[in-house]
1. For the range 39-156, what D do you get in µm² per second when you plug the Kirkwood radius from alpha-carbon pairs into Stokes-Einstein at 37 °C and 0.692 mPa s?
2. Give, as a single signed number, the net charge of other residues whose beta carbon lies under 12 Å from the beta carbon of Asn73, with Lys and Arg counted +1 and Asp and Glu -1.
3. Separation between the Thr102 and Asn114 pseudo-spin-labels, each 7 Å from Cα along Cα→Cβ, expressed in nm?
4. Determine the alpha carbon to alpha carbon distance for each of Lys45/Lys143; Lys34/Lys143; Lys45/Lys76; Lys89/Lys115; Lys45/Lys115 and list only those over 27 Å.
5. Would you mind getting me the FRET efficiency between Thr38 and Glu72? Use the beta-carbon distance for r and R0 = 25 Å, nearest 0.05.
6. Counting only heavy atoms of protein chains, what accessible area per residue, in Å², does the range 44-136 have with a probe of 1.4 Å?
7. Report, to the nearest whole %, how much of the accessible area of the range 30-146 belongs to carbon and sulfur atoms, 1.4 Å probe, protein only.
8. Considering the options Ile122, Thr59, Phe95, tell which one lies farthest towards the positive end of the dipole of the range 49-156, charges being +1 on Lys and Arg and -1 on Asp and Glu at the Cβ, about the Cα centre.
Amino acid sequence: MYNSQCKIKNRLLQLCIVHCAFIIAGCSIPSLEKPECTQARDAVKQFYSFHFGNDMHPTAENLKMRQRYLTENFYKKLMVDATGLPPTKIDYFTFSEEPPKTFKIGKCEAAQPNKANVQVQIYWRDDTKTVQKEVNVEAVNQKDVWLIDDVHQVSN
């Protein structure tokens with residue numbers, strides 16, 4: 001009798017687990033964002049994670065390390081600026097001399113299937129306050145790879 005009760009309880013437990021799995025799978029939240037935005041957002045996040053994790057000073061050497069994330073035209077434009085006179089101390093990707101502490105990827109708009117504008121929120125924090133700035137990153141899809149084609153400062 002005890003053995004048959006254990007078998008019944010085990011079967012009920014298995015049915016509950018399977019039932020819960022179907023409910024969870026059926027209740028997933030659909031993504032309302034265009035696939036272009038999702039892909040562009042991921043590429044911009046990867047770039048800014050790399051950028052914040054390394055030396056952010058605008059030098060030709062540091063720019064070369066970021067080349068894989070940039071379109072060829074944007075990279076060439078920035079290299080001309082990096083090797084031009086006088087040297088700048090303003091970071092191309094945050095529009096600041098002082099390195100920020102963190103960033104957050106904001107909204108995305110994709111008017112075309114191969115182009116998206118991604119908002120990046122940048123934060124500086126000290127003991128007394130937090131300062132936020134925004135930049136808009138223009139990302140383009142070239143040969144199934146999303147690359148940064150331009151960065152614009154958002155006026156506050």
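1. So the translational diffusion coefficient is about 224 µm²/s.
2. Numbers: positive: Lys76, Lys77; negative: Glu72, Glu138, Asp149, Asp150.
Neighbour charge sum, excluding Asn73 itself: -2.
3. The answer from the label model is 3.7 nm.
4. On the way: Lys45/Lys143 19 Å; Lys34/Lys143 19 Å; Lys45/Lys76 22 Å; Lys89/Lys115 29 Å; Lys45/Lys115 16 Å.
Over 27 Å apart, Cα to Cα: Lys89/Lys115.
5. Values: r = 24 Å, r/R0 = 0.97.
FRET efficiency, Thr38 to Glu72: 0.55.
6. Details: 5620 Å² over 93 residues.
Ligands and nucleic acids excluded, the figure is 60 Å² per residue.
7. On the way: 3650 of 7190 Å².
Summing carbon and sulfur atoms, their accessible area is 51 percent of the total for the range 30-146.
8. Looking along the dipole axis, the top candidate is Ile122.
The values are calculated or read from the model by the stated rules, or taken from the named source; none is laboratory data. For clarity, every value in this text was computed on a predicted model and none was experimentally measured. For neighbour counting, all protein chains shown are included, and Cβ atoms are generated from backbone atoms with ideal geometry for every residue, glycine included. Note: areas computed on protein heavy atoms with side chains; ligands, DNA, RNA excluded. Shrake-Rupley method; radii C 1.70, N 1.55, O 1.52, S 1.80 Å.
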